[in-house]
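Asker: The structure's right below; bear with me while I get my questions together.
Every number here is computed from the coordinates shown, using simple stated rules; none is lab data. The structure presented is a predicted model; accordingly, all values stated were derived computationally and were not measured. Quick reminder, even Gly has a Cβ in these numbers, built from the backbone with ideal geometry, and neighbours come from all protein chains shown.
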């Protein structure tokens, strides 16, 4: 399944919100790591991701988080939730990438799925 993403960055609070473009009915949140929150819809589908202190977690300057291109995949098995995000931005007209990966045990009963999201 492939979905289009909405992206918002709050520079003052250094927080991003990445969510599916379609509307969804929120069910619950899972803190997958300190400051990283995955929101699930009523069907257990990953619908949004929030990262607090984003520039610190990614090791990137805040200005580069204003409008990056984002590719994100979420792969869920019975045992594991795997999230990978690639932020692509430009510095002096050169393309740069920052990748973020997080794995955690699927102790939440989220059904198996593989989803690819993109802002492009």
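Asker: It is to be established whether one or more residues within region 66-84 are touching a helix residue (DSSP H, G or I) at 6+ places or on another chain (Cβ under 6 Å) and not in a loop (DSSP other than H, G, I, E, B).
Answerer: Looking only at region 66-84, we keep the residues that are touching a helix residue (DSSP H, G or I) at 6+ places or on another chain (Cβ under 6 Å), and these are none.
No.
Asker: Can I ask one more? Can you name the residue in region 41-64 that is under 13 Å from the mean Cα position of the chain (by Cα) and more than 15 Å from residue 117 (Cα to Cα) and is also surrounded by the fewest Cβ atoms within 10 Å (Cβ to Cβ) among such residues?
Answerer: Checking each candidate, the answer is 52.
Asker: Being in contact with a strand residue (DSSP E or B) (Cβ under 7 Å, 6 or more places away or on another chain), over 20 Å from residue 87 (Cβ atoms) and assigned to a loop (DSSP other than H, G, I, E, B) is the filter here; which residues of region 23-43 pass it? Steps first, please.
Answerer: From region 23-43, those in contact with a strand residue (DSSP E or B) (Cβ under 7 Å, 6 or more places away or on another chain) are 24-33, 35-42; that's our starting set.
Next, from what is left, pick out any that are over 20 Å from residue 87 (Cβ atoms): 24-31, 40-42.
Of everything in region 23-43, those that are in contact with a strand residue (DSSP E or B) (Cβ under 7 Å, 6 or more places away or on another chain), over 20 Å from residue 87 (Cβ atoms) and assigned to a loop (DSSP other than H, G, I, E, B) turn out to be 24, 25, 42.
Asker: Next up: Can you report the number of residues in region 92-102 which are outside any loop (DSSP other than H, G, I, E, B) and surrounded by fewer than 14 Cβ atoms within 10 Å (Cβ to Cβ)? Walk me through it before giving the result.
Answerer: Residues of region 92-102 that are outside any loop (DSSP other than H, G, I, E, B), as a first pass: 94-102.
Cutting the leftovers down to surrounded by fewer than 14 Cβ atoms within 10 Å (Cβ to Cβ) gives us 94-97, 99, 101.
Going through region 92-102 one residue at a time, the tally reaches 6.
Asker: Scan 7, 13, 89, 108 and give me the residue that is in a loop (DSSP other than H, G, I, E, B) and surrounded by 12 or more Cβ atoms within 10 Å (Cβ to Cβ). Break it down into steps so the answer makes sense when it comes.
Answerer: Details: 7 fails: in a loop (DSSP other than H, G, I, E, B); 13 fails: surrounded by 12 or more Cβ atoms within 10 Å (Cβ to Cβ); 89 fails: in a loop (DSSP other than H, G, I, E, B).
Going through 7, 13, 89, 108 in turn, the sole match is 108.
Asker: Additional query: Here is a check on your reading of the model: is residue 32 closer than 24 Å to residue 114 by Cα and surrounded by 13 or more Cβ atoms within 10 Å (Cβ to Cβ)? Don't jump to the end; show me each part of the working.
Answerer: Values: closer than 24 Å to residue 114 by Cα: yes; surrounded by 13 or more Cβ atoms within 10 Å (Cβ to Cβ): yes.
Yes.
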